[in-house]
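This report refers to the structure that appears directly beneath it.
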Amino acid sequence: MNATILPNSKKHYPVLLKEILSIISPQNGGTFIDCTFGQGGYSREILKFKNTNVTAIDRDPECKNTAQKIKQIHKERFSFFNKKFSEIDKIKNEDSKIKGIILDLGYSYAQIKDPNKGLSFDSKGKLNMRLGLNSFSADDVVNKLSQKDLELIFKYFGEDKDSRIISKKIVNQRLQNSINTEKLVSIINSVKKKSGRIHNATKIFQAIRIFVNKEISELIYGLINSAKILDINGKLLVVSFHSLEDKIIKYFFKSLSEDKKVSRYYPEEKNPNKLFKLMSKKPIYPSHDEISTNRPSRSAKLRYAIKKNNMINFEKDFVKKFSKLLEIENLSKKL
Ligand SMILES: C[S@@+](CC[C@H](N)C(=O)[O-])C[C@H]1O[C@@H](n2cnc3c(N)ncnc32)[C@H](O)[C@@H]1O
């Protein structure tokens, strides 16, 4: 999560902002796509530089109000689309050369505080977890899918070691009454010893949210389509908040920027046609100062690469590598 507003504060803190601006250099102008507009933290900062244009995307229809306010100030230089970022290739204007694309994954502080979205463990009533433009909710997932399917979702998307017992308890208990948020948290608490460091329900909630919002295919196709529309020398930047997302991003950048290894006895064969130049194998983390002002930024990781070539069919291996996760996501066809 990128919680970008402090409690008791109306001020907004976009995560890793300084680092992102120094990578994309908006002072030199250009067209940028902010794939996860949220409260407009990055878009607003980029637009402060005169020769910039920003196209913003967010799946949450509630972002429209903030977007409208920005549009009133920057009529010609800003546009907003209430769409999913996997469709970025359909949004891009044919003529524009994209200098930078930013994805700041997950959900905002405003979203987790919204009782209607039901993203928080403290939410009351019916399960939801929809960020926007969804076809089913957490209530459908938890109350309709089989024990086996729930176990797979918890195991692969939450990496939770108690996936089997929790899914079994859910299915037994929903025979009496459907499972709401409070009930789900109490089932999880009944299985797990209080760990203290993170809330007992963190991984199961993460798994359900990923499934409800199809976050795996969103990320996979968001990366692929961003790489396709980016201009040569354009930069793709991704901020992630948990290890499953980071695993996918890391593989994407690494595999598409590698020189081919012919044999371990010969030097690497230089591959002049690789898609990206990776600036660093290690991610960029928020500074101590940032973490002390905006504590939820502590789990953020930024990875980025520069596009060097147009390649066709580069996505095949990448999609195959994560086919198991996509298969689990497809269990939603049963709903
Ligand atoms: C961490 S917040 C972004 C905060 C933003 N950088 C700012 O400074 O205000 C993530 C945002 O991404 C949006 N989002 C998540 N998945 C999305 C997707 N697949 N397509 C479009 N928007 C998405 C969420 O609705 C949320 O508003």
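The values are calculated or read from the model by the stated rules, or taken from the named source; none is laboratory data. What you see is a predicted model; the values in this text were computed from it and never measured. So basically every Cβ, Gly included, is an ideal-geometry build from the backbone, and we count neighbours across all protein chains shown.
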> Looking at the stretch 136-149, is at least one residue more than 30 Å from V239 (Cα to Cα) and part of a loop (DSSP other than H, G, I, E, B)?
Replying inline: yes
>> Which residue is farthest from the ligand (Cβ to nearest atom), if the candidates are limited to the stretch 111-135 and must be of a type in the set (A, V, I, L, M) and in a loop (DSSP other than H, G, I, E, B)?
In response: L127
> Here are some conditions: (1) over 21 Å from Y107 (Cα atoms); (2) modelled with pLDDT under 95. R174 meets all but one. Which one does it not meet?
Replying inline: (2)
> Failed condition for K155, given (1) over 24 Å from S25 (Cα atoms); (2) within 16 Å of the ligand (Cβ to nearest atom); (3) not in a loop (DSSP other than H, G, I, E, B), with all others met?
Replying inline: (2)
> Which of the following residues is outside any loop (DSSP other than H, G, I, E, B), surrounded by fewer than 22 Cβ atoms within 10 Å (Cβ to Cβ) and not assigned by TED's automatic domain parsing to the domain that holds N143: S79, S43?
Replying inline: S79
>> Going residue by residue through the stretch 2-11, is there one that turns out to be within 13 Å of the ligand (Cβ to nearest atom), under 30 Å from T202 (Cα atoms) and modelled with pLDDT of 65 or more?
In response: no
>> What's the number of the only condition in (1) part of a strand (DSSP E or B); (2) farther than 22 Å from I220 by Cβ; (3) not aromatic (F, W, Y) that I102 fails to meet?
In response: (2)
> Among the residues of the stretch 137-144, is any surrounded by fewer than 18 Cβ atoms within 10 Å (Cβ to Cβ) and within 16 Å of the ligand (Cβ to nearest atom)?
Replying inline: no
>> Can you pull out every residue in the stretch 82-96 that is surrounded by 16 or more Cβ atoms within 10 Å (Cβ to Cβ) and part of a loop (DSSP other than H, G, I, E, B)?
In response: N82, K83, K84, K92
>> For a quick check of your reading of the model, give me the residue pairs whose first member lies in the stretch 117-144 and is farther than 18 Å from R59 by Cβ, whose second is surrounded by fewer than 16 Cβ atoms within 10 Å (Cβ to Cβ) and of a type in the set (V, I, T), with beta-carbon atoms closer than 8 Å and at least 6 apart or on different chains.
In response: none
>> Restricting to the stretch 56-76, and then to whatever is touching a Cys at 6+ places or on another chain (Cβ under 9 Å) and not in a loop (DSSP other than H, G, I, E, B), can you tell me which residue is surrounded by the fewest Cβ atoms within 10 Å (Cβ to Cβ)?
In response: I57
>> Residues that are more than 21 Å from L119 (Cα to Cα): list the helices (runs of 4 or more DSSP H) wholly contained in the stretch 163-257 that include at least 2 such residues.
In response: 163-173, 215-229, 243-255
> Pairs under 7 Å by beta carbon, first residue not assigned by TED's automatic domain parsing to the domain that holds F78 and part of a loop (DSSP other than H, G, I, E, B) in the stretch 27-40, partner charged (D, E, K, R) and near the ligand (Cβ under 6 Å from one of its atoms), six or more apart or different chains?
Replying inline: none
>> Conditions first: (1) touching a Ser or Thr at 6+ places or on another chain (Cβ under 6 Å); (2) within 25 Å of V319 (Cα to Cα). Q147 passes all but one, so which condition is the exception?
In response: (2)
> If you scan the stretch 311-335, which residues turn out to be of a type in the set (S, T, Y) and out of contact with any Leu (no Cβ under 9 Å at 6 or more places or on another chain)?
Replying inline: S323
